[in-house]
1. Would you be able to tell me the number of residues in the stretch 79-93 that are without any contact (Cβ under 8 Å) to a residue 24 or more places away in the chain and either assigned to a loop (DSSP other than H, G, I, E, B) or under 21 Å from residue 44 (Cβ atoms) (or both)?
2. Between 17, 76, which is outside any strand (DSSP E or B), in contact (Cβ under 8 Å) with a residue 12 or more places away in the chain and touching an Asp or Glu at 6+ places or on another chain (Cβ under 7 Å)?
3. Filter the stretch 3-28 down to residues that are surrounded by fewer than 16 Cβ atoms within 10 Å (Cβ to Cβ) and either modelled with pLDDT under 95 or not charged (D, E, K, R) (or both) and give me whichever is nearest to residue 57 (Cα to Cα).
4. May I ask you to list the residues in the stretch 41-58 that are open to solvent by 60 Å² or more (accessible area, probe 1.4 Å) and either more than 18 Å from residue 98 (Cβ to Cβ) or out of contact with any Gly (no Cβ under 8 Å at 6 or more places or on another chain) (or both)?
Amino acid sequence: MGTLSEVIKPDFITVAPEDTLGEVAERMTGKNVGAVIVKDHGRLIGILTERDMLRAMAARVHTSDARVRQFMTADPITAAPDMDLDDAAQVMLDNGFRHLPVVDGSNVLGIASLRRVLGGRRQPAPEAA
């Protein structure tokens, strides 16, 4: 079985809590990602996901005025890079989210998506004899 270090996207986007939702949405769309890491003074303080963006739209905020800090998920659950993929999938399913920041101490290594975690759990097909 694999670990999170094998499936994380290391080229994640980091944003600041004072960034606007419009700025972040442009960056997310440009990289085709569903979540970004929110850091303040180099420290992980939150995650902003597609669902958070939908909440903002439902609140009818203007994306050039609304700030990340208003809609991010603060103090997200994180995981170590050596976490087993089955365990990571269970954490995500139990908590109802699709993106899991992977950290080594205070250093963010990447974001694991539920899709990549579940895809990584597939065992290779046995070779024909």
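The values are calculated or read from the model by the stated rules, or taken from the named source; none is laboratory data. Since we're looking at a predicted model, the values are computed, not measured. Every residue, glycine as well, gets a Cβ built from its backbone with ideal geometry; the counts of neighbours run over all protein chains shown. Heads up: the accessible areas ignore ligands, DNA and RNA and are worked out on the full protein's heavy atoms, side chains in. Shrake-Rupley method; radii C 1.70, N 1.55, O 1.52, S 1.80 Å.
1. Selection size over the stretch 79-93: 2.
2. Checking each option against the conditions leaves just 17.
3. If we take residues in the stretch 3-28 being surrounded by fewer than 16 Cβ atoms within 10 Å (Cβ to Cβ) and either modelled with pLDDT under 95 or not charged (D, E, K, R) (or both), then 22 is nearest to residue 57 (Cα to Cα).
4. Of everything in the stretch 41-58, those that are open to solvent by 60 Å² or more (accessible area, probe 1.4 Å) and either more than 18 Å from residue 98 (Cβ to Cβ) or out of contact with any Gly (no Cβ under 8 Å at 6 or more places or on another chain) (or both) turn out to be 41, 43, 51, 54, 55, 57, 58.
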